[in-house]
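Report on the structure given below.
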Amino acid sequence: MEVKTFGVVGAGQMGNGIAQVAAMSGLQVIMNDIKDEFVQKGLQNITNLLTKAVEKGKMSAEEKDAVLGRIKPSVDLADMSSVDFVVEAATENEPIKFQIFKNLDSICPKDAILASNTSSIPIGRIAAQTQRPDKVIGMHFMNPVPVMKLVEVIRALTTSDETYKLTWDLSVRFGKTPAESSDYPGFIANRILMPMINEAVYCLYHGVGTREDIDTVMKLGMNHPMGPLALADLIGLDTCLAIMETLFVGFSDSKYRPCPLLRKYVEAGWLGRKTGRGFYEYK
């Protein structure tokens, strides 16, 4: 099977990044979201990044126009009726993802592969929502997508070898380095990363250190490019909480219990960079 048309459901931070790298690889892309304002915001973000690339001499203005010309905006999921491969990049909410996959299963061609960019929900549970579990797979990109090289490829028990190989090869085509993870909550990346972030929030909660001191220790002592609290703000505190809850329920282990302070911030609407306030304030 050859992938020519690539769909992305969700035009937010992750979705527009996935759409950009797919279009840069030469694919025709359909970028969908529930509101046109979301799609337009995603397109503007792609345009801004490509413009910066042109200014830095990394691509020509003609190449930029060609990439943008390969991205079709969409607010109707029925537009996915022509895709060969689609990645769902909606919010980290199980019922929402389940419904999207049920809808895609009835809309997309029978041979189309349905992938999820979920950062924690087991792929087998998503695949069970469809009539094509052999064609469902996890394709977990890292943020920001155009910059980060990793793609976690997660195969469920039902995922076929053909689906796995095509997803792996597509990741390479996008200029990424794929790594395989077994289908457990959080996979590899977030099973390691999120408990670290959660523990950093506990350190703040218990007064072990200030937000600056906690982040400074991890940056200068462990050589991390960002401190865990600043990283949580970048990811989105609501996403961090959702992943911790998935880990907590999935493993029934108290070590994954979300910090009460994390929950408190989310309930207050302090979600990080996207709302202007999280553990830090942003203009």
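When Thr246, Thr163 are checked against the criterion of being under 27 Å from Asp134 (Cβ atoms), assigned by TED's automatic domain parsing to the domain that holds Ala115, polar (S, T, N, Q) and touching a residue at least 40 places away in the same chain (Cβ under 8 Å), Thr163 stands alone in meeting it.
Specify which of the listed residues (Asn103, Asn117, Asn93) is in contact with a Leu (Cβ under 7 Å, 6 or more places away or on another chain) and in the same structural domain as Met14 (by TED's automatic domain parsing). Talk me through it step by step, then tell me what you get.
Details: Asn117 fails: in contact with a Leu (Cβ under 7 Å, 6 or more places away or on another chain); Asn93 fails: in contact with a Leu (Cβ under 7 Å, 6 or more places away or on another chain).
Answer to the check: Asn103.
Please work out if Met148 is at pLDDT 95 or above and assigned to a loop (DSSP other than H, G, I, E, B). Yes, satisfied. Within the range 266-280, the set of residues being within 21 Å of Gln13 (Cα to Cα) and outside any helix (DSSP H, G or I) comprises Gly269, Trp270, Leu271, Gly272, Gly276, Arg277, Gly278, Phe279, Tyr280.
If Asp161 satisfies all but one of (1) over 29 Å from Pro95 (Cβ atoms); (2) in contact with a strand residue (DSSP E or B) (Cβ under 6 Å, 6 or more places away or on another chain), what's the number of the condition it fails? So Asp161 meets the others, but not (2).
The set of residues in the range 108-145 that are at pLDDT 95 or above, surrounded by fewer than 19 Cβ atoms within 10 Å (Cβ to Cβ) and within 23 Å of Gly175 (Cβ to Cβ) contains only Met142.
Among the listed residues Arg263, Arg173, Arg211, Arg191, which satisfies the condition of being modelled with pLDDT of 95 or more, under 28 Å from Lys135 (Cβ atoms), in contact with a Leu (Cβ under 8 Å, 6 or more places away or on another chain) and charged (D, E, K, R)? Show your work before the answer.
Details: Arg263 fails: under 28 Å from Lys135 (Cβ atoms); Arg173 fails: in contact with a Leu (Cβ under 8 Å, 6 or more places away or on another chain); Arg211 fails: under 28 Å from Lys135 (Cβ atoms).
Testing whether each residue is modelled with pLDDT of 95 or more, under 28 Å from Lys135 (Cβ atoms), in contact with a Leu (Cβ under 8 Å, 6 or more places away or on another chain) and charged (D, E, K, R) leaves just Arg191.
Condition first: within 24 Å of Leu237 (Cβ to Cβ) and buried (at least 16 other Cβ atoms within 10 Å of the Cβ). Can you find one or more residues in the range 159-176 that meet it? Checked the range 159-176: no residue is within 24 Å of Leu237 (Cβ to Cβ) and buried (at least 16 other Cβ atoms within 10 Å of the Cβ).
Pairs are defined by a Cβ separation below 9 Å, a sequence spacing of at least 6 or placement on different chains, a first member in the range 209-227 that is assigned by TED's automatic domain parsing to the domain that holds Glu199 and in contact (Cβ under 8 Å) with a residue 24 or more places away in the chain, and a second member that is among the polar types (S, T, N, Q) and assigned to a helix (DSSP H, G or I); the pairs so defined are Gly227/Thr216. The helices (runs of 4 or more DSSP H) found entirely in the range 1-102 that carry 1 or more residues being more than 24 Å from Val172 (Cβ to Cβ) are 36-55, 61-69.
Among the residues of the range 80-130, the ones that are closer than 16 Å to Val153 by Cβ and over 15 Å from the mean Cα position of the chain (by Cα) come to 5 in all.
Can you work out which of the residues in the range 15-45 that are of a type in the set (A, V, I, L, M, F, W, C) and in contact with a Pro (Cβ under 9 Å, 6 or more places away or on another chain) is nearest to Met148 (Cα to Cα)?
First, pick out the residues of the range 15-45 that are of a type in the set (A, V, I, L, M, F, W, C): 18-19, 21-24, 27, 29-31, 34, 38-39, 43.
Then keep just the ones that are in contact with a Pro (Cβ under 9 Å, 6 or more places away or on another chain); that gives 21, 24, 30-31, 39, 43.
Numbers: Val21: 11, Met24: 15, Ile30: 22, Met31: 20, Val39: 22, Leu43: 19 Å.
Top of the filtered list is Val21.
Residues that are surrounded by fewer than 17 Cβ atoms within 10 Å (Cβ to Cβ) and within 19 Å of Phe38 (Cβ to Cβ) within the range 74-86 comprise Val75, Asp76, Ala78, Asp79, listed in sequence order.
For the residues Ile121, Ile154, the requirement of being in contact with an Asp or Glu (Cβ under 6 Å, 6 or more places away or on another chain) and in a loop (DSSP other than H, G, I, E, B) singles out Ile121.
The values are calculated or read from the model by the stated rules, or taken from the named source; none is laboratory data. Source: prediction; values computed, not measured. As a convention, Cβ positions derive from the backbone with ideal geometry for all residues, glycine included, and neighbour counts pool all protein chains shown.
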